[in-house]
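What follows is a set of notes on a single structure, which appears directly below.
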Amino acid sequence: MEDHLEPETCRVHVYHGPGRHQTVKDVYNNEYDIVLTTFQTLALEVELVKSKNKKGFKKVKKEDRVKRVRKVGCRSLLDVKYRRVILDEAHIIRNRMTRAFAAVDEVVSDTKWCLTGTPFVNNTYDLQSLMQYLKSEPLMDIEVFNKYIGRPLKWRGDPVALGKLRVLMGVLCMRRTKDLLKDRLPPKEEIQHDITMAPAEKEVYDILFDSAKLLFEAMLAMNSNGDFVFKHYTHILESLLRLRQACTAAALVPEERVENSRQALKA
């Protein structure tokens, strides 16, 4: 806001911290133009019962919430109707079984935006959560999404369902590609520096590399078509993380992790 707006153009409020509830009435009475908060804070605002079902958390009915607001007044951000709500890093709500999703699904707004560089993280169901938040019919209904896109893609790799998904993304998404920014971006310049690691650093890197190679070969041997590797790919990602840390500074890698790799090589 400080970078792009003139001073005192908008009344900005950060809704966060232990005293945040004291400002809810000001938000409700339009004392602020922009309210900033976090997913974690918003998740604490939603009223939920303790049990879960297949569709996620059971929430208080909206009509009951409206009656409560009329009776006792505004007590949370979810009691406020907004002109526009923007989710930054919107893929955080991809899991519909989380409190964060339950909270944003309760938000009432004239306009809703999702900003994310990764609308898909694990599978197409990640996108359905965004559809439900946006109230984009008919795919905001999980059963409709499953019938026409989710299940056909998951079980058959259906090209028709994939085509529907591409049409959907083309209609709903505004993409900022490099082609749109090429006139404003500086020319790309690549400079390669070859660096010789110190002996102690090289030793740590070699141990991590050899153990990662051994792990990958063992996982690949579990299944010739690579299914076992894909199902346990997080172990590979963790190994790559440790190698990157070792390249930066060997001290970043926990000593226990290095010792475990050393013992794995001796086994």
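The values are calculated or read from the model by the stated rules, or taken from the named source; none is laboratory data. In this text, all values refer to a predicted model and were calculated from it rather than measured experimentally. Cβ atoms come from the backbone with ideal geometry, glycine included; neighbour counts cover every protein chain shown. The protein model used for the area step is the full one, side chains on, heavy atoms only, and it has no ligands, DNA or RNA in it. Shrake-Rupley method; radii C 1.70, N 1.55, O 1.52, S 1.80 Å.
Residue separation of Leu265 and Arg244 scaled by 0.36 nm, minus their Cα-Cα distance, works out to 5.6 nm of gained length. Around the amide H of Tyr82, modelled in the peptide plane, lie the amide H atoms of Val108, Ser109, Asp110, all under 5 Å away and 5 or more residues distant in sequence or on another chain. Calculated accessible area for the chain comes out at 72 Å² per residue, all protein chains present (probe 1.4 Å; ligands, DNA, RNA ignored).
Here the extension length gained between Glu8 and Leu44 equals 9.9 nm, from 0.36 nm per residue of separation less the Cα-Cα distance.
From the helices alone, meaning DSSP H stretches of at least four residues, give me the mean residue ellipticity at 222 nm for the chain, per-run term -39500 (n - 2.57), in deg cm²/dmol to the nearest 500. The helix contribution divided over the chain gives -13000 deg cm²/dmol. The apolar share of the surface of the range 112-233, taken as the fraction of accessible area on carbon and sulfur atoms (1.4 Å probe, ligands and nucleic acids excluded), comes to 58 percent. Annotation for Glu143 and Tyr233: the two label points, set 7 Å from Cα along the Cα-Cβ direction, are 3.3 nm apart.
This structure gives mean projected area of the Cα convex hull in nm², computed directly, and of (i) 15.5; (ii) 22.1; (iii) 13.4 that value is listed as (ii). Centre-to-centre, using Cα atoms only, the range 1-33 and the range 200-263 are separated by 46 Å. By how many degrees, between 0 and 90 and to the nearest 10, does the Cα long axis of helix 159-172 differ from the longest principal axis of the chain? The helix 159-172 is inclined about 60 degrees to the chain. Considering only Arg11, Arg244, Arg184, the mean-square fluctuation computed in a Gaussian network model of the chain, springs between alpha carbons under 10 angstrom, is largest for Arg244. In a fully extended conformation the segment linking Thr177 and Leu214 would gain 9.4 nm over its present Cα-Cα distance, using 0.36 nm per residue.
About the Cα centre, and with charges only on the beta carbon of Lys, Arg (+1) and Asp, Glu (-1), how big is the dipole of the range 119-267? Nearest 20 debye, please. If you can, show how the numbers build up before the last one.
Numbers: 21 positive and 20 negative charges, 148 e Å.
Magnitude of the dipole: close to 720 debye.
Measuring only protein heavy atoms, the 1.4 Å probe finds Phe230 accessible over about 150 Å².
Note on the range 68-189: lysine pairs with Cα distance below 24 Å, sequence gap of 8 or more or different chains, count 11.
Relative to the longest principal axis of the Cα atoms of the chain, the long axis of helix 255-266 makes an angle of roughly 40 degrees. The trypsin sites (Lys or Arg not before Pro) of the range 118-165 that DSSP puts in a loop, and whose beta carbon has at most 13 other beta carbons within 10 Å, are Lys135. For the options Ile191, Ile142, Ile92, a Gaussian network treatment of the chain with springs between C-alpha atoms closer than 10 Å singles out Ile191 as fluctuating the most.
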